[in-house]
Amino acid sequence: TYDNYIYDGLYYAKRDRIKENQGIDLNRYKGHRDMIRAIAMAPNGQDFYTTGSDGKILKWSGNDYSFKTLYQPASNYIYYDMQVSPDGNWLIVGSDAPYILVINLNTLKTIKIEGHQGPVTRIMFLPNSEYFISYGIQDSTLRINDYVNSSELKKFDNRYTAIAMSSDGSTLVAGDEKGNLDVWNT
């Protein structure tokens, strides 16, 4: 069932054919000019989105090597985190800007949601796709957002470097700079 010689043979045959015909590397997607910092998969399991230090947000086709630029910033912000809504309609992006960039994936309209006082380093959708949580590392605040407004949920004494939420949205776990973990029932 998992005979690696069969898969190796298929891989090298396809790789050689692609290199011969197109001059590209197999499974190597090129579109960014600097470090990639975040990748988000689309719900269809094929397409994905990338962003990073160059500030571009790209949508990649999982079927070929093509990409489409969704956003090219005027400023040189570094993007840290991005998520696609469970319904596949929204892309949210956190960066060193004091706002959250929201892209409607149906219309490609962009919205900037303000509220944080510095970089937004973590964003997470709630299960219903209507709201998402954001964390600002400089102001140490956790905010709840819709696609227009942002409200502070909690200001922390600690500065968290990692935050995760359970898939049902009922538990939030955060790790701080001193190696401590805090857990909340939301």
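Do you know which residues across region 94-118 are within 16 Å of the chain's Cα centre (by Cα), surrounded by 20 or more Cβ atoms within 10 Å (Cβ to Cβ) and outside any strand (DSSP E or B)?
Within region 94-118, just A97 meets the criteria.
Under 6 Å by Cβ, and 6 or more places apart or on different chains, what pairs join a residue from region 94-116 that is under 21 Å from A162 (Cβ atoms) with one that is acidic (D, E) and open to solvent by 50 Å² or more (accessible area, probe 1.4 Å)?
Hits for this filter: zero, empty list.
In region 165-186, which residue that is under 22 Å from S129 (Cβ atoms) and out of contact with any Ser or Thr (no Cβ under 9 Å at 6 or more places or on another chain) is modelled with the highest pLDDT?
D168
Taking region 145-186 as the search range and keeping residues that are in contact with a Gly (Cβ under 8 Å, 6 or more places away or on another chain) and small (G, A, S), which one is least open to solvent (accessible area, probe 1.4 Å)?
Step by step, filter region 145-186, then rank; the result is S150.
Which residues, counting only those in region 126-144, are part of a strand (DSSP E or B) and open to solvent by 80 Å² or more (accessible area, probe 1.4 Å)?
Hits for region 126-144: nothing passes.
What residue, among those in region 27-59 that are under 13 Å from the mean Cα position of the chain (by Cα) and among the aromatic types (F, W, Y), is farthest from I92 (Cα to Cα)?
That would be F48.
Return yes or no: is Y71 modelled with pLDDT under 90 and either within 19 Å of I39 (Cβ to Cβ) or of a type outside the set (S, T, N, Q) (or both)?
For Y71, the condition - modelled with pLDDT under 90 and either within 19 Å of I39 (Cβ to Cβ) or of a type outside the set (S, T, N, Q) (or both) - is met.
The values are calculated or read from the model by the stated rules, or taken from the named source; none is laboratory data. Everything quoted here is computed from the prediction, not taken from an experiment. Cβ sites come from the backbone with ideal geometry, for glycine too, and all protein chains shown count toward neighbours. SASA here: full protein model, heavy atoms, side chains in, ligands and nucleic acids out. Shrake-Rupley method; radii C 1.70, N 1.55, O 1.52, S 1.80 Å.
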